[in-house]
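Right, one structure below, let's go through it.
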Amino acid sequence: MGGRKKKDGTVKQTSDHVGSNVFESHRMTIVGQLFRGAAHDMKNPLAVILQGAEFLEYSKTLDDSAKKIIGMIGKAASRIDATIENILGFARPAAGQAQLTDIRTLIDESLALLGPQLSNSFVQVGKDFPQSIPECMVNRSEIKHALVCVLMNAADAIPEDGIVSIEVRQVLYESGKSSVAVMVTDNGCGILEEDLDRVFEPFFTTKKDQGRMGLGLAVARDIIERHNGHLSIEGKEGKGTSVLMVLPAE
């Protein structure tokens, strides 16, 4: 009888856990939809602020100190407008059309999207890009999504001031074909050895206290593999983590 109760209890607990995850995923989807609506609503008043600031900046009735303040307001509003555009562009559903793309451009766009978060966490970003790199045939929105997931995971792994380095290289094969490799490395907390096999499991996370759902790396790997590439991860507790993304080059 005791064993049966334990089995029933385990099944119920698992069912409750899955139901909670589904509810949380649905809730986050709704939050995303609400945010997109709010972002669109913010565009109109921002346009008024930008136009008003531009008009006042060239007004002959204001002194230089007032014009300087107006200029600062205009620049701040422009930054907000650019951030909203980045978020809206990232949140739009992927069109499903692949195009030749320089991966370095998508990395820069992803970093711009994450700018406020990286600044607030005092994370320094280092880039090691070659002067030239072959383009990849990819869906820009999806690959940017994968990059953001990996970069957010790296930033979250750093409890205090730390460094996230991004290295891009071309990989040549004997067949004459090549790939583009992107390595994202952080000097954060690393990964427990027993967790390495689980990091790509949906909803697996060691950062529940930060509100993370544990979907980022799973989503990133799925996107990369759908582009005929591969994503792997290496890490050691207290020694940081490296995520390698490889995509076929044209």
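The values are calculated or read from the model by the stated rules, or taken from the named source; none is laboratory data. Everything numeric in this text was worked out from a predicted model, so none of it was measured. Backbone-built Cβ (ideal geometry, glycine too); neighbour counts: all protein chains shown.
Data table
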item: Selection from the range 66-121 of residues that are among the polar types (S, T, N, Q), at pLDDT 80 or above and surrounded by 14 or more Cβ atoms within 10 Å (Cβ to Cβ); result: T101, S110
item: Any hit, the range 58-65, residues being assigned to a helix (DSSP H, G or I), of a type in the set (S, T, Y), surrounded by fewer than 13 Cβ atoms within 10 Å (Cβ to Cβ) and modelled with pLDDT of 75 or more; result: yes
item: Total residues in the range 126-152, condition part of a strand (DSSP E or B) and either closer than 17 Å to L247 by Cβ or at pLDDT below 90 (or both); result: 3
item: Whichever residue in the range 153-171 is acidic (D, E) and assigned to a loop (DSSP other than H, G, I, E, B) and, among such residues, is modelled with the lowest pLDDT; result: E160
